[in-house]
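The values are calculated or read from the model by the stated rules, or taken from the named source; none is laboratory data. From a predicted model like this one, the values you see are computed outputs, not experimental measurements. Note: ideal-geometry Cβ built from the backbone for every residue, glycine included; neighbour counts use all protein chains shown. Just so you know, the surface numbers come from the protein's heavy atoms only, side chains and all, with ligands and any DNA or RNA stripped out. Shrake-Rupley method; radii C 1.70, N 1.55, O 1.52, S 1.80 Å.
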Amino acid sequence: FAVVGGGIAGVTCAQKLAAEFPSEDIFLITTSPVIKAVTNFKQVSKTLEEFDVEEQPSSLLEKRYPNIRVIQSGVKQLKSDEHKIYTEDGKEYIYEKLCLCAGAKPKLIAEGNPYVLGIRDTDSAQAFQKNLAQAERIVVVGNGGIALELVYEIQGCEVIWAIKDKAIGNTFFDAGAAEFLLPKLSAESRETPIECKRTRYTVEGSEEKGRPTEASDKLGSALGPDWHEGLHLKGTREFSHKVHIEILCEVKKIHLQQEFIQLQRTSLTFPKGEKNVEADEVLWPVYVELTNGKIYGCNFIVSATGVVPNVEPFLDGNNLAVGEDGGLKVDKHMHTSLPDVYAAGDICTAAWELSPVWHQMRLWTQARQMGWYAAKCMAADALGESIDMDFSFELFAHITKFFNYKVVVLGKYNAQGLGLDHELMLRCTKGHEYVKVVMQNGRMMGAVLIGETDLEETFENLILNQMDLSAYGEDLLNPDIDIEDYFD
């Protein structure tokens with residue numbers, strides 16, 4: 001067995017294979033000297049799971065599983081017809097079964113611009129921290145989980161946040177949830193962050209020498225939900241928090257200082273109020289022109305605009321089916337279109353007939369589930385057994401933290417793909433909790449729970465068993481009715 005990728009999907013897959021086949025060699029091929037391992041795993045409910053992600057030296061994995069061999073090198077080429085993998089260090093490996101878990105890379109708004117930073121892994125997060133220490137103003141582009149966390153954590157630096165949607169955090173919530181969270185952005189005093197449980201290993205000597213340039217384009221694995229905890233995210237200014245959100249816009253062009261001077265256009269100061277828009281006297285290293293016509297100068301730009309599956313090294317000479325989102329298409333047994341080649345995690349695209357309340361999202365939880373399930377499928381295949389679809393693909397379920405609130409999203413929590421034929425029910429207590437359910441024909445299809453609501457298990461069951469709830473109407477969210485007992 002060979003597995004490519006040292007992120008959550010790859011490591012989980014290799015561990016599961018090593019446990020299933022203790023006498024077989026498992027090769028784990030990864031560019032990074034550290035691997036990402038799941039620790040403190042806890043099954044919160046049938047489909048919800050919580051875990052920490054820890055960077056560990058690969059030697060630790062080899063110690064724990066004597067039959068795993070970690071090969072630290074990038075993949076140069078896959079020759080699937082010969083069942084061979086060629087690595088960048090000039091070696092070749094023959095596999096019987098292969099699982100591709102090479103993850104995804106950040107979609108940068110501009111390639112090769114020194115003032116544009118993409119954040120996806122711990123190395124890029126460190127580069128960001130270095131730049132932020134000297135920064136007075138930055139522009140953040142993107143509206144997913146990383147952008148949200150970033151904007152919330154940054155202090156002492158003006159932040160212009162450009163989003164293409166109407167409301168913040170569009171990948172995770174709707175406008176109502178965004179409104180609920182917004183006061184936290186302007187709050188001056190911060191709760192002290194909870195001690196971070198994730199530890200970080202660095203490669204010996206890599207800190208002192210500075211990373212060699214050719215190594216910096218080798219992508220590390222993706223960040224975890226509390227990636228910013230150990231970093232000192234503070235700019236040069238004395239105030240704690242200044243965020244200005246530009247909605248419904250994208251980056252039209254990026255101008256370097258010289259180009260901008262030649263353009264003879266005006267850029268804007270940090271907006272103090274709606275009407276008070278002044279021309280900026282300061283000269284900035286880089287300028288961002290937005291599609292709404294505004295131009296802001298800044299020290300640098302953070303591109304947090306999502307990811308593209310990292311399929312490049314595997315396509316050449318192989319007839320791999322690729323999905324619309326650029327991932328390798330896999331069937332319900334995580335099989336790609338090539339014999340004996342499987343894929344899991346961010347690199348793959350679920351191409352089986354999906355459950356009506358599950359969808360793919362490139363998240364840690366799904367990477368873990370897919371890596372684990374891919375190993376089970378490879379094992380079943382090797383032993384000639386049949387296998388049922390894993391239960392984790394029945395219901396989309398994710399638990400995370402934003403702005404220090406617990407956030408649980410279930411099913412079609414944003415009415416994804418339901419068209420206009422659905423209704424929403426809401427319950428919101430300012431600063432305390434936000435509960436939204438998505439209903440269709442009297443059945444619960446999805447939910448967003450922010451705060452300590454204790455409703456996740458009840459709602460998970462109601463979505464899974466598709467019970468007709470029309471009789472309860474608005475009472476479903478009535479705080480005076482103990483709904484958990486009701487549907488126990």
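Okay, here's what the table says:
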| quantity | calculated |
| --- | --- |
| Single unsatisfied condition, Asp381 versus (1) assigned to a loop (DSSP other than H, G, I, E, B); (2) open to solvent by 40 Å² or more (accessible area, probe 1.4 Å) | (1) |
| Top-ranked residue of the range 247-266 - restricted to ones that are in contact with a Leu (Cβ under 8 Å, 6 or more places away or on another chain) and of a type in the set (D, E, K, R), ranked as least open to solvent (accessible area, probe 1.4 Å) | Glu250 |
| Qualifying strands (runs of 3 or more DSSP E) (wholly inside the range 15-83; at least 2 residues being without any contact (Cβ under 8 Å) to a residue 60 or more places away in the chain and not aliphatic (A, V, I, L, M)) | 34-43, 68-72 |
| Failed item, numbered, when Leu60 is tested on (1) open to solvent by 20 Å² or more (accessible area, probe 1.4 Å); (2) modelled with pLDDT under 95; (3) in contact with a helix residue (DSSP H, G or I) (Cβ under 9 Å, 6 or more places away or on another chain) | (3) |
| Pair list, Cβ < 8 Å and 6+ apart or interchain, from the range 443-455 residues that are within 10 Å of Tyr405 (Cβ to Cβ) and free of Cβ contacts under 8 Å to residues at least 60 places away in the same chain to residues that are open to solvent by 10 Å² or more (accessible area, probe 1.4 Å) and assigned to a loop (DSSP other than H, G, I, E, B) | Gly451/His432 |
| Every residue from the range 354-373 that is open to solvent by 20 Å² or more (accessible area, probe 1.4 Å) and either under 24 Å from Val3 (Cβ atoms) or in contact with a Ser or Thr (Cβ under 8 Å, 6 or more places away or on another chain) (or both) | Gln360, Met361, Arg362, Leu363, Trp364, Arg368, Trp372 |
| All strands (runs of 3 or more DSSP E) inside the range 108-186 with 3 or more residues being under 30 Å from Leu424 (Cβ atoms) and touching a Phe, Trp or Tyr at 6+ places or on another chain (Cβ under 7 Å) | none |
| Within the range 390-413, considering residues that are part of a loop (DSSP other than H, G, I, E, B) and touching a residue at least 24 places away in the same chain (Cβ under 8 Å), the one farthest from the chain's Cα centre (by Cα) | Glu394 |
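Table: residues versus (1) touching a Phe, Trp or Tyr at 6+ places or on another chain (Cβ under 7 Å); (2) under 19 Å from Ala175 (Cα atoms); (3) among the acidic types (Asp, Glu).
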| site | (1), (2), (3) |
| --- | --- |
| Gly411 | yes, yes, no |
| Met425 | no, yes, no |
| Tyr434 | yes, yes, no |
| Leu455 | no, no, no |
| Thr458 | yes, no, no |
| Ile463 | no, no, no |
| Ala471 | no, no, no |
| Pro479 | no, no, no |
